[in-house]
1. Identify the single condition in (1) open to solvent by 60 Å² or more (accessible area, probe 1.4 Å); (2) touching a Pro at 6+ places or on another chain (Cβ under 7 Å); (3) among the hydrophobic types (A, V, I, L, M, F, W, C) that V82 does not satisfy, given that it satisfies every other one.
2. Can you name every residue in segment 82-103 that is out of contact with any Leu (no Cβ under 9 Å at 6 or more places or on another chain), assigned to a helix (DSSP H, G or I) and of a type in the set (A, V, I, L, M, F, W, C)?
3. Can you pull out the residues in segment 190-201 that are open to solvent by less than 50 Å² (accessible area, probe 1.4 Å), modelled with pLDDT of 85 or more, assigned to a loop (DSSP other than H, G, I, E, B) and not polar (S, T, N, Q)?
4. Among the residues of segment 115-135, is there at least one that is among the hydroxyl-bearing types (S, T, Y), crowded, with 19+ Cβ neighbours inside 10 Å and in a loop (DSSP other than H, G, I, E, B)?
Amino acid sequence: MIFIDPYNPKIVEAKDFHIEKLLRIVLKEVNNLPAGDLKSFLSEYKVREILSDFPVDLENHHLDWLNSVHGVSPQVWADFIVAKDKVAGDRDSTEIALIGNITTLLDELKPIFKYTGGFARKNAKYSAYDLANSLNIQTCVYCNRIYTKTVINPHKITRPEFDHWFPKSTYPLLALSFYNLIPSCHVCNSSVKSTALMNTDDYLHPYIPENIDLKFSYWIKSLNRYDFKIKRDSGTKEDNTVKAFKIEEIYATHRDEINDLVKLRRLYSVDYLLKLKGLLSSVDSNVSMEEVYRLAFGTHYQEKNYTKRPLSKMKRDILEELGMILK
């Protein structure tokens, strides 16, 4: 998990732009609603909160919506989710009726907070491409393994996928919420996390910076062969998150990176890196140790730059364990 600083000016600007563009679009759809519970609930103030509130507050908007709709409650919604996930032939008459009633509500809600076929479309007035370009997060924040760079010129060609931390199938009101749109790779978004339910009490969230106790480490598997382990305490947020995203299993495919780092450690020393910095300074007097490490090991070692290169967190931790990081 790579954290995104929500107070970084670039991120604040991206959030403000996101809200400015989507608020008008969403309110236009709200104004087209017939008089009723949903239209009364979605005031301009409430819509702004839904789009902009921090992750810890988002679920409350979902609960407020359920409590505002006549005949629906959090328990009714939970029953609907269970019934919806059943095979059609296994549903009883009560579940069939429940699905019909809730589907009517969703048909009214989904065009307002429309992600698929709306915000995700390339030709939308303000789209996921615009958000991705504003954020400029260059690797998946969940695994830090795969580039997620955005290419919009000369055409919208590629961008990160946006994982809905609170799945839009379960939390349709949050489908466009800024802090619910997590730039990620296809593997983490669709193959690993998908619609799994998470919460901010038990799992790490990319927009909630914490002092986490999680480090990549290595052990000798055999002669000149190494393997990963991820140090963390059992039952913690760190442990739950590593398991949820299959980080240990996925990183096992990158054990060759450890072999390379160990070999480089035998070739380099901290003194060598300092000499390399001196040589580079003859070309660029402003060269930093961060740049030296990037050139030598292909990684960034400052946390704020982890998203710029794949595997930066892992490499930084291993290099520290190898005694190659200057304190």
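The values are calculated or read from the model by the stated rules, or taken from the named source; none is laboratory data. All figures in this text were calculated on a predicted structure; none of them were measured in a lab. For neighbour counting, all protein chains shown are included, and Cβ atoms are generated from backbone atoms with ideal geometry for every residue, glycine included. Accessible surface areas use protein heavy atoms only, side chains included; no ligands, DNA or RNA. Shrake-Rupley method; radii C 1.70, N 1.55, O 1.52, S 1.80 Å.
1. Every listed condition holds for V82 apart from (2).
2. V82, A88, I96, A97, L98, I99, I102 - these are the residues of segment 82-103 that are out of contact with any Leu (no Cβ under 9 Å at 6 or more places or on another chain), assigned to a helix (DSSP H, G or I) and of a type in the set (A, V, I, L, M, F, W, C).
3. Residue satisfying the conditions is M198 alone.
4. Within segment 115-135 (the criterion being among the hydroxyl-bearing types (S, T, Y), crowded, with 19+ Cβ neighbours inside 10 Å and in a loop (DSSP other than H, G, I, E, B)), the answer is yes, since at least one residue qualifies.
Results for (1) aliphatic (A, V, I, L, M); (2) assigned to a loop (DSSP other than H, G, I, E, B); (3) open to solvent by less than 20 Å² (accessible area, probe 1.4 Å), shown as yes or no for each residue.
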position	(1), (2), (3)
Y142	no, yes, yes
C188	no, no, yes
Y203	no, yes, no
Y207	no, yes, yes
Y218	no, no, no
G235	no, yes, no
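Listed here are the residues, each with its yes/no results for (1) of a type in the set (S, T, Y); (2) touching a residue at least 24 places away in the same chain (Cβ under 8 Å); (3) in a helix (DSSP H, G or I); (4) surrounded by fewer than 17 Cβ atoms within 10 Å (Cβ to Cβ).
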residue	(1), (2), (3), (4)
D256	no, no, yes, yes
D260	no, no, yes, yes
R266	no, no, yes, yes
D271	no, no, yes, yes
Y293	yes, yes, yes, no
D317	no, yes, yes, no
G323	no, yes, no, yes
